[in-house]
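Below is one structure, written out as structure tokens; the observations come after it.
The values are calculated or read from the model by the stated rules, or taken from the named source; none is laboratory data. The structure displayed is predicted, hence computed values, not measured ones. Methodologically, a virtual Cβ is constructed for each residue, glycine included, from the backbone with ideal geometry; neighbour enumeration extends over all protein chains shown.
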Amino acid sequence: MKMKIRKGDQVKVTRGDENDKGKTGEVIRVLPKEERVVVQGVNLVKKHQKQTQSGSKTIPSGIREFEAPIHISNVELVEKGAEKASGKAAKTSKSTKTVAKKAPAKTAKAAKTETKPAAKKRATGKPAADKSGDGN
């Protein structure tokens with residue numbers, strides 16, 4: 001599935017834990033196969049870690065706190081300029097576009113064709129011919 005949200009985007013959490021609902025944050029990581037994203041400061045999880053040793057590195061024991069992934073359907077992309085959710089911003093921009101389309105401006109060519117016949121009648125000074133076909 002092609003994802004519209006990318007690393008570095010600002011997103012707003014729409015569903016989930018009561019503490020996380022409405023929070024905005026930056027996307028740290030995107031997991032396209034799982035359709036999930038990791039958002040900074042949202043969905044914090046505590047994990048109890050045992051001390052481990054791999055090669056020459058030793059990972060100490062303790063409680064680690066990190067951001068867990070959230071499903072992509074539970075977040076909404078936030079526009080940078082508007083600082084509002086994109087769903088709301090898209091609705092307002094559509095309404096302004098329809099208002100502009102209702103009153104289109106006349107082109108220069110259309111304006112010339114409207115004024116030409118009126119100018120010819122005034123310039124000739126002759127009365128309009130009778131089109132009834134009587135001849136009288």
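For the reader, a short list of remarks on this structure follows.
- Each residue in the stretch 13-30 was checked for being outside any loop (DSSP other than H, G, I, E, B), in contact with a helix residue (DSSP H, G or I) (Cβ under 9 Å, 6 or more places away or on another chain) and over 13 Å from GLU67 (Cα atoms), and 1 of them qualify.
- Hits in the stretch 24-44 - residues which are surrounded by fewer than 17 Cβ atoms within 10 Å (Cβ to Cβ), under 22 Å from the mean Cα position of the chain (by Cα) and under 16 Å from VAL78 (Cβ atoms): GLU26, ILE28, GLN40
- For PRO104, the conditions (1) at pLDDT 60 or above; (2) outside any helix (DSSP H, G or I) are fulfilled apart from (1).
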